[in-house]
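Undergrad: Dropping the structure in here first, questions after.
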Amino acid sequence: MSALVGGGAQVLGAQPKVQFDVPHSARIWNYWMGGKDNYPVDRLAGDAVAAVYPRMGLLAKQSRQFLIRVVRFLAGEAGVDQFLDIGAGLPIMQNTHEVAHEIAPRARVVYVDNDPLVLTHARALLTHTTPEGATAHIGADCRDPDVVLAGARGVLDLDRPVAVMLMGVLGYVSDTDQVREIVARTMDAVPSGSYLALWDCVSTSKAMRAVEAAYARTGAMPYTVRDVDLLAGCFDGLDVVDPGFVSISQWRPEAGQVGGAIAVDGYGAVARKP
Ligand SMILES: C[S@@+](CC[C@H](N)C(=O)[O-])C[C@H]1O[C@@H](n2cnc3c(N)ncnc32)[C@H](O)[C@@H]1O
């Protein structure tokens, strides 16, 4: 299904029902980021996890600032004008298309998420775009790269460089081999000069190692906290740009950002496909 929503913006994919009695990762994440698109069940779950990892709200806010710095780098210095943001989340602060369009007004941005509420909110998200750019939202599961790529192909030219973004989503895939497969198949479909931008929570502290069990107890879709080396393996065969695979707060930090450069247990990097 494909529905045109407005100036250069599309919502693709069926819209399943939103559940209000089960916590959802996108809404818990929205709560931690200080957003309003969440329900009591999500706030209860968020508080339970934050009880074992009190820096969760800081990590969530820092992750958005990481995304902003990364997209600015990609649209500016790297000269990329196509973005495939997989596991996009609910709209909040500055979203990928807004950041990209400030620098590259013609940028084409495809958001992908498997949460029905995210898809519903896509309409609000999609109102802010430039006349010459394009923004689309696909309801799909990142574990099915063929479906994601087929949807993206309708909006992006996959013969030209694409920035593939997997920001805080791969923890929802428990099997590391499957994670590597998702990254490999997606990056195989885009040409040389494309980029991979990725971050996820890693087991660099005792408190973060306790998050996995605390998250599972909430009844939300389980989240796997990986070792740094396992996540870093996603960048094999790609040229990682400076400063490498680091705590997200330490990736090209800028003055005046939330939490400054306090290290958190979320690691990420940006890498170019040679
Ligand atoms: C932690 S949030 C991160 C949101 C956003 N990328 C950000 O950095 O703020 C994870 C998002 O991934 C989505 N997600 C989880 N599992 C997914 C899957 N298998 N396929 C697609 N999206 C998924 C969730 O619905 C949620 O919106």
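Undergrad: Keeping the other protein chains in place, figure out the carbon and sulfur percent of the accessible area of the chain, with a 1.4 Å probe.
TA: With neighbouring chains kept in place, the figure for the chain is 53 percent.
Undergrad: Order of 208-221, 97-110 by packing, highest average Cβ count within 10 Å first?
TA: Answer by packing, highest mean first, reads 97-110, 208-221.
Undergrad: While we're here: Calculated FRET efficiency, residue 210 and residue 255, Cβ-Cβ r, R0 35 Å, to nearest 0.05?
TA: Efficiency, rounded to the nearest 0.05: 0.60.
Undergrad: Say R0 is 25 Å: what FRET efficiency, to the nearest 0.05, do residue 47 and residue 93 get from their beta-carbon distance?
TA: Working from the Cβ atoms, E equals 0.70.
Undergrad: How large is ³J(HN,Hα), in whole Hz, for each residue of the range 89-98 in order, when computed from phi with the Karplus curve 6.51 cos²θ - 1.76 cosθ + 1.60 and θ = phi - 60°, using x for Gly and Pro?
TA: Each residue's phi maps through the Karplus curve to give x, 6, x, 7, 5, 9, 9, 3, 5, 5 Hz.
Undergrad: Additional query: Working out 0.36 nm times the residue gap between residue 262 and residue 188, then minus their Cα-Cα distance, what length gain in nm do you get to one decimal?
TA: Gain on stretching residue 262 to residue 188: 23.2 nm.
Undergrad: Which residues does the label zone of residue 180 cover in the range 224-261, counting backbone N under 15 Å from a point 7 Å along Cα→Cβ?
TA: 227-238
Undergrad: 7 Å from Cα along Cα→Cβ at both residue 77 and residue 106: what's the point-to-point distance in nm?
TA: 2.4
Undergrad: Want the number for residue 242 to residue 230: 0.36 nm per residue separation, take away the alpha-carbon distance, what's left?
TA: Taking residue 242 through residue 230 to full extension adds about 2.4 nm, to one decimal.
Undergrad: Further question on the same structure: Over the chain, what is the mean sequence separation of C-alpha contacts under 8 Å (at least six apart), divided by residue count, expressed as relative contact order in percent?
TA: 20
Undergrad: Same structure again: Against the empirical 2.2 N^0.38 Å scaling, what ratio does the C-alpha Rg of the range 2-272 come to?
TA: 0.93
The values are calculated or read from the model by the stated rules, or taken from the named source; none is laboratory data. Since this is a predicted model, take the numbers as computed values, not measurements. Cβ: placed from backbone, ideal geometry, glycine included. Neighbour counts: every protein chain shown. To get the accessible areas, we keep the full protein, side chains included, count just its heavy atoms, and leave off ligands, DNA and RNA. Shrake-Rupley method; radii C 1.70, N 1.55, O 1.52, S 1.80 Å.
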